[in-house]
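Accompanying notes for the structure given below.
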Ligand code: PLP
């Protein structure tokens, strides 16, 4: 008789986005004239930049000709894209080898798949609130999870507690959902802690492109010692609008060993067995992100989102609302005014201002009383939403 993985029974159903969709559609039906602005989704809205499109068009043409056609490619990615990435990291003083870079169809898959390398009896440390994928993928594997509290008092940037032992540590900076980003000094504390525990840090850098100063690392490898204890996950999704095109990368340093086993070799074995690579056309598009034109164009898009974030931040500041994010991140994480719960504020904002956001409670218990707004929307609509938000809060 076949037996199922009973750990799936431990997963809690996530009703967050279906609940939001339901409340919004009910409200819209009852108020057909309402002009609703959505600042809830975490998806980008600007199209792929011209350099990417041009590179993909060329790659499509190559696929149609006998002498430039590409069949199966290397599972871990084409050298042209890995070399482009090495250049990107070298720009920040990080020297990587081509074999340390693995191209994937996005950070989400790799964040889940990496767990193949670890035994189920590792203890996992996960911040709360959190991007739900870290929790669910570990529950599916039956691993014990310890939560570390991210709260207003630590600015939603918890630091290690030496009295707590962990084997696998998740860090996401800049963070989804809180938008908070660790400084170099703070991240160095995590690297030290991981070394002390002989733990591995799974570092999610999906939003690194939003960082715009030297004091906040864009890669964990900016911290001394990180190559001995950290795996980095990154993505073209938010950097270059690839959410629907699908491309990401994972760095597994050759110097990272556990119990004498090189995680890099294990990951290579895993990927060559279970993954057949990212389409050639997509990888050509991703490589174009690192050309001078590509860099200029994606910076224009990032600047557009940053401007949206600053408009929302300004509205919150002017009402005296506490928040994190918005500077190094497309997310703003605000404290609900007047002690309202996340869902109370959701309903109020929808009904009185016709603006949709995401209740923080959906990201973990410490998210209760907080609310996520995103800067990925249209600029004029974001300006309008910020104005409505300001008016609503001022009226309370
Ligand atoms: N990591 C975080 C923190 C995210 O917010 C997201 C997507 O929203 C991802 C990873 C997934 O990225 P990808 O589109 O590359 O799978």
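Only the coordinates and a few stated rules stand behind these numbers; no lab work does. Since the structure is predicted, the reported quantities are computational estimates derived from the model, not experimental observations. Positions of Cβ are backbone-derived with ideal geometry, glycine not excepted, and every protein chain shown enters the neighbour counts.
Couple of notes before you dig in:
- The stretch between residue 34 and residue 255 holds 73.9 nm of extra length on full extension. This uses 0.36 nm per residue minus the Cα-Cα distance.
- Between 0 and 90 degrees, the angle of helix 263-274 with respect to the longest Cα principal axis of the chain falls at about 90 degrees.
- Using the Stokes-Einstein relation with a Kirkwood hydrodynamic radius computed over Cα pairs, the translational diffusion coefficient of the range 43-148 at 37 °C and a viscosity of 0.692 mPa s comes to 188 µm²/s.
- Most to least packed among 154-167, 127-140 [average Cβ atoms within 10 Å]: 127-140, 154-167
- When each of the peptides 324-332, 118-126 is scored by the mean number of other C-beta atoms lying within 10 Å of its residues, the order from highest to lowest reads 324-332, 118-126.
- The range 339-383, Cα convex hull volume normalised per residue, Å³: 72
- The alpha carbon gyration tensor of the range 175-262 gives principal lengths a ≥ b ≥ c with a/c of 1.5 or higher and a/b no greater than b/c, which makes the shape oblate.
- DSSP beta bridges confined to the chain are antiparallel in about 50 percent of cases.
- When the alpha carbon coordinates of the chain are projected onto the principal axes, the ranges are 61, 55, 54 Å, largest first.
- Degrees separating the helix 16-30 axis from the principal Cα axis of the chain, which is the longest one: 40
- Between residue 387 and residue 14, the FRET efficiency from the beta-carbon distance, with R0 = 25 Å, is close to 0.20.
- 0 to 90° range, to nearest 10: angle between helix 292-318 axis and the chain longest Cα axis: 30
- Take every Cα pair under 8 Å whose residues are at least 6 apart in sequence, average their separation, divide by the length of the chain, and the relative contact order is 23 percent.
- The overall shape of the range 241-329 is oblate: from the C-alpha gyration tensor, with semi-axes ordered a ≥ b ≥ c, the ratio a/c is 1.5 or greater and a/b is no larger than b/c.
- Distance cut-off 15 Å, percentage of C-alpha pairs in the range 218-265 lying past it: 52
- Per-residue Cβ neighbour rank within 10 angstrom, fewest leading, 343, 333, 190, 322: 322, 343, 190, 333
- Among 64-70, 313-319, the peptide with the highest mean count of other Cβ atoms within 10 Å heads the list, and the full ranking is 313-319, 64-70.
- Measuring nothing but alpha carbons in the range 131-193 and taking Rh as the Kirkwood radius, the Rg to Rh ratio lands at 0.95.
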